[in-house]
Amino acid sequence: SQAQGIIIDTNWVQRILTTEEKSQSIFRKYTQIKKLPANIDGQGEVIHTRDNIADQLAISGRQVSNYMRLNYLVPSFKEMINNEKINIKSGVKLSYFSDKIQQWIYDNFIDVINNKNISTLNKDMTNSEIEYLFKVYKSRSIINNFPIETKLNKYFKLKVENENEIGRASCRE
């Protein structure tokens, strides 16, 4: 109804909405507009629903599409977006996987899920390809966080700095 449309628009402007609330608002708006007769511009061209919503909410058509895609995320990833652990672009990428695969990724690789890792995913990847990719990230994170590695890096860094100091001092003499 028109009243619902007004409420959605008012909320969009006056309230600070979470990403999930924006996503749901756009989805509701999209559903409402689709029920109406086609909107025609001055040249007699049909205005696409996405562009119609973008104009009404003063955002880009791409943003409308991205928010729409977030409706296809499992709750775990919606929560990660709301908590700013991953961004909208990552959410969109994950949304192309089935709910089952999304939940499997979340359950098995939560410790290495981040925007950079998600950016390397492809919606056509098999589970074994996804698993291999995240196992590589896991092994890198284990190596990078390994205390002995950190100690060795500090030791060698200090050693190189000391040798450089000695080298500079002997050049001055």
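The values are calculated or read from the model by the stated rules, or taken from the named source; none is laboratory data. Treat the numbers as computed from the prediction; the structure is a model and nothing was measured. Every residue, glycine as well, gets a Cβ built from its backbone with ideal geometry; the counts of neighbours run over all protein chains shown. For the accessible areas, the whole protein counts, side chains as well, though only heavy atoms, and no ligand, DNA or RNA atoms are used. Shrake-Rupley method; radii C 1.70, N 1.55, O 1.52, S 1.80 Å.
General remarks:
- Residue ID - farthest from Val74 (Cα to Cα), chosen from residues in region 89-133 that are of a type in the set (Phe, Trp, Tyr) and either assigned to a helix (DSSP H, G or I) or open to solvent by 70 Å² or more (accessible area, probe 1.4 Å) (or both): Tyr132
- In region 49-88, the residue that is nearest to the chain's Cα centre (by Cα) out of those that are assigned to a helix (DSSP H, G or I) and more than 30 Å from Leu36 (Cα to Cα) is Ile81.
- If you go through region 77-116 and keep only what is hydroxyl-bearing (Ser, Thr, Tyr) and under 19 Å from Lys138 (Cα atoms), you end up with Ser90, Tyr106.
- Residue list for region 23-65, restricted to those being within 26 Å of Leu94 (Cα to Cα), in contact with a Gly (Cβ under 9 Å, 6 or more places away or on another chain) and open to solvent by 40 Å² or more (accessible area, probe 1.4 Å): Arg28, His48, Arg50, Asp51
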